[in-house]
Amino acid sequence: MERAESASELSVRVAWSARPGVAEEKTLRLPAGATLLDALRASGVLEEAAASEPLDGSVGIWGRLRPPDTALQTGDRVEIYRPLEIDPKEARRRRQRRQREAAAATKASGSRPR
């Protein structure tokens, strides 16, 4: 059973993806009045990012970009966003092309997909 949260502290989660396909999340207890930047520092992700690739400043809470001095509330999910490697529309076009090519190859070979 988790201990009761006092008015002088809050519980937040910090989520990030160091590379495609790998997501990490930490739950932290911080003092009341803590900011987004405080959560990043407490999570250790700033040091980890400095060792691999620096953060470009894209951070937010629950999917919305926020400045580092944003005050946190209990239950917030601090997120660190990586830059996109490919435009989402272009990725969709490529997927569709691969699917069409696979369907055409299956049809040409006369076999049915399982």
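The values are calculated or read from the model by the stated rules, or taken from the named source; none is laboratory data. Source: prediction; values computed, not measured. Here Cβ is always computed from backbone atoms with ideal geometry, including for glycine, and neighbour counts include all displayed protein chains.
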Q. Within region 1-26, how many residues turn out to be under 16 Å from the mean Cα position of the chain (by Cα), at pLDDT 80 or above and loosely packed, with under 12 Cβ neighbours inside 10 Å?
A. 3
Q. Taking region 76-111, which residues are farther than 21 Å from ARG19 by Cα and either part of a loop (DSSP other than H, G, I, E, B) or assigned by TED's automatic domain parsing to the domain that holds ARG66 (or both)?
A. ASP76, GLY110, SER111
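Can you find, within region 27-73, the residue that is surrounded by the fewest Cβ atoms within 10 Å (Cβ to Cβ) among those that are β-branched (Val, Ile, Thr) and at pLDDT 85 or above?
Within region 27-73, the match that is surrounded by the fewest Cβ atoms within 10 Å (Cβ to Cβ) is THR27.
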Q: Tally the residues that are among the polar types (S, T, N, Q) and surrounded by 11 or more Cβ atoms within 10 Å (Cβ to Cβ), restricting the search to region 74-114.
A: 2
